[in-house]
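Asker: After the structure tokens below, expect a handful of questions from me.
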Amino acid sequence: MKVFFIKISLLVIPIALVFLLAPVLLDPFNVFHRRAVRLNGVEPNENFIKTAYILENPDKFDTFIFGSSRVGALHGERLEGRRVYNMTYSFGIPREHLENIRCFLEAGVKIKTLLINVDEVCCAIDGTEHFTDPMHRPYPVDGNFLDFYAMYLKPEIVLQSLPIILKNRSRDDAEWRRNFYEAGWRMDYDMDTGFRFSSQDGGVPEDAADGLLYYFYPVALDAMKEIASLCDDNGIELIVFSSPLFAYQYRLSVRAGYLDFLERLAAVTPYYNFSCLNEITQTDSNYLDPSHYKAQVGDMILDRIFKEDRTVHKADLFGEYVTQANVAQVMAALREQLRQP
């Protein structure tokens, strides 16, 4: 009997070790390799990895860009006199930014300036789904890392990602990794997806936004209100700006309630509005796809915010500085743009 148990143990233990170690070693979402992220073809959990990185390096940066993947085109290193890190991650929303900012402040991170991007993403989701999504699960601000990592030990997570990992195992990721930790942005100036915009021509069909309603923008507004208060209490410069959505995506979002969100945002905080219809947002070559603008457009955003007088009116509304005093006029002008052929 003793020999039998020894034989069974010799068989079971290696299998158990494989099931335990495979998720850690292959680590599709890089949570176990957060200090040396690998380019394995699977989008890493950037929210968790970047938050942990800043907490371990509290004195490295003084300016942070928060937003969804849209702000991945903002090259903060262009801003002189600032040490900028881009916290971009897909489907980033204000509620999660708020939790991360609180975490930074509690850890002693000295924040000089916060740039917070808002777009239609933060109107469409409230983030509850992120807690069951390995790509987007937030940093465990409650300190429960055991529960956090348990999700990533599930064998099915590795099995689902294995074909992608094997296909990308030989990719050179040294430069990508350096940028991930030194700057944080995603899109470089020579990046091109090859996306064909022909399917976006001809305007938005009348029924395109059927069933699409932005139920969650009150959640985003509440979070932005708390972020503004937190900045006031801690002497942090807060700069809020909306995304320059590609014309088709913008029209679709307006039908779902995006302008209602932008109108109410002015009562919470002033912001730079880049969501409009103009030559920039209606030019295919300025975009990687209908949701993501190129780095060249990102430069236009930063130049408008940091190099121009915000009180100067923008005729095409690209970068118009919106306050409670002028929000009615700006919204009227945006709606007039939409009525133009």
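Asker: Between beta-carbons, use under 13 Å as the cut-off and find the net charge around Y293, counting Lys and Arg +1, Asp and Glu -1.
Answerer: -2
Asker: Hydropathy first: keep DSSP H helices in the chain averaging at least 1.0 on Kyte-Doolittle, then drop any whose Cα extent along the axis falls short of 27 Å, and list what survives.
Answerer: Going by DSSP H runs, the hits are 2-26.
Asker: Continuing with this model, one more query. Rg to Rh for the stretch 260-341: what is it, with Cα atoms only and Rh by Kirkwood?
Answerer: Over the Cα atoms of the stretch 260-341, Rg/Rh equals 0.96.
Asker: Looking at the chain, which longest stretch skips every one of the GluC sites (Glu not before Pro) that is in a DSSP loop with at most 16 other Cβ atoms within 10 Å, leaving the sites themselves out?
Answerer: Answer - 81-205.
Asker: Taking the Cα centre as origin and putting +1 on Lys and Arg beta-carbons and -1 on Asp and Glu beta-carbons, what dipole magnitude results for the chain, to the nearest 20 debye?
Answerer: For this selection, approximately 1120 debye.
Asker: So what's the net charge close to V268: Lys and Arg +1, Asp and Glu -1, counting the other residues with Cβ under 15 Å from its Cβ?
Answerer: Cβ neighbours under 15 Å give a net charge of -2.
Asker: Projected onto the charge dipole of the stretch 40-193 (+1 at Lys/Arg Cβ, -1 at Asp/Glu Cβ, origin at the Cα centre), which of F61, G143, F91 gives the Cα projection farthest towards the positive end?
Answerer: Result: F61.
Asker: For the stretch 205-341, what number results from the quotient of the Cα radius of gyration and 2.2 N^0.38 Å?
Answerer: Output field value: 1.06.
Asker: I'd like to check one number: the per residue accessible area of the chain, probe 1.4 Å, reported in Å² as a whole number.
Answerer: 48
Asker: Grab the alpha carbons of the chain, take their convex hull, and tell me the volume per residue in Å³.
Answerer: Once divided by residue count, the hull of the chain is 168 Å³.
Asker: Report the local net charge at T128: Lys and Arg +1, Asp and Glu -1, summed over other residues whose C-beta lies under 15 Å from its C-beta.
Answerer: Surrounding charge for T128 is -4.
Asker: Now for a different question. Cα-based count: Lys pairs in the chain below 29 Å, eight or more positions apart or different chains?
Answerer: 26
Asker: Sort 84-90, 188-194 by packing, meaning the average of other beta carbons within 10 Å per residue, with the highest value first.
Answerer: 84-90, 188-194
Asker: Tell me the carbon and sulfur percent of the accessible area for the chain, rounded to whole percent, probe radius 1.4 Å.
Answerer: 56
The values are calculated or read from the model by the stated rules, or taken from the named source; none is laboratory data. Please read these numbers as outputs of a predicted model, since none were measured by experiment. Please note: Cβ atoms are built from the backbone with ideal geometry, for glycine as well, and neighbour counts cover all protein chains shown. Surface areas here come from the heavy atoms of the whole protein model, side chains and all, with no ligands, DNA or RNA. Shrake-Rupley method; radii C 1.70, N 1.55, O 1.52, S 1.80 Å.
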